[in-house]
Amino acid sequence: MDKPYVDRYAWHDRYGVRQVAGVATPALMVYADEVEHNIACTLSALGGDANRWRPHVKTAKLAWTMRAMAHHGVTAVKCATTLELSVALQAGVRDAVLAYPLVGPAAQRVRQLADEFPAVHISVLAENPEQAAQWQGTPVGVFLDLNPGMDRTGLEQRRHSDILAFARALQSRGIGFRGLHYYDGHLGSLALPERRAAAHRGYDELLAIAGELKRAGIAVGEIITAGTPAFPCSAEYSGFSANGFLHRVSPGTVIYCDATSLAQLPG
């Protein structure tokens, strides 16, 4: 895929900044009409079902932006930091997942926020039972983080026996097993047809994992897939429907983004 550049996209004079000398910099400017448009387009790709979207708010981390999404019924998010989690909770989010395994002060902060907002479902990621053990006796749920080839975090998706052992270990310790987290961000460099084929092969494997867990008597409440590059591939994958679990996608830079993200999305 060619590297996109800003000059490939039309400039609109209405987005010019008047009296720029009076603006304290660095500053973030967000065009509210474009945010509304992007939220509407994302929901349209999901058939209008706001419950299928768990946006990663590492970019769209302003409370204003989160409230705008909540206004459209999007009340589940994925966060990168405990500060983002705190902002999301104060903005009215009802379900939040921390996108990285947590230790030390960060884990303690999550426990504090879970106690402060008991009506909100707060979950974390873990890739082994040892990481998950620290959440025993807390209301914090755990998603198993799978590695579909990104090779950054997660349990390699072909290790089915280890995946089953993880879920059973959570059950035995009374830790809430929320489901599976599957971030296929490594597919972003592929053109859309190749990206779709690679993503769908991974989703076939993901469904096989969910099926094995179900046959073992372990409920998979939710499966989270797809950042922005894989979002169109995940949204159209028919296997995620009518399988007894909630499927959510987690693109975040669809709210406001750079030219690279624009090039990765159809339309």
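The values are calculated or read from the model by the stated rules, or taken from the named source; none is laboratory data. The structure displayed is predicted, hence computed values, not measured ones. All Cβ positions, glycine included, derive from the backbone under ideal geometry; neighbour counts span all protein chains shown.
Structural remarks
- As a summary of the residue check, Thr153 satisfies the conditions (1) assigned to a loop (DSSP other than H, G, I, E, B); (2) buried (at least 17 other Cβ atoms within 10 Å of the Cβ); (3) not charged (D, E, K, R) except for the one numbered (2).
- Selection of region 75-92 for residues being in a strand (DSSP E or B) and either over 25 Å from Leu146 (Cβ atoms) or touching a residue at least 24 places away in the same chain (Cβ under 8 Å) (or both) yields Ala76, Lys78.
- Residue in region 175-186 that is under 20 Å from the mean Cα position of the chain (by Cα) and in a helix (DSSP H, G or I) present: yes
- Residue check for Ala198: surrounded by fewer than 16 Cβ atoms within 10 Å (Cβ to Cβ) and part of a helix (DSSP H, G or I): no
- Filter result (at pLDDT 95 or above and assigned to a loop (DSSP other than H, G, I, E, B)) within region 93-109: Val93, Arg94
- Test: residue in region 110-120 that is buried (at least 21 other Cβ atoms within 10 Å of the Cβ), closer than 14 Å to Arg54 by Cβ, in contact with a helix residue (DSSP H, G or I) (Cβ under 8 Å, 6 or more places away or on another chain) and at pLDDT 95 or above: no
- Selected residue (criterion: modelled with the highest pLDDT) from residues of region 158-195 that are among the basic types (Lys, Arg) and in contact with an Asp or Glu (Cβ under 8 Å, 6 or more places away or on another chain): Arg178
- Hits in region 132-156 - residues which are at pLDDT below 95 and polar (S, T, N, Q): Thr153
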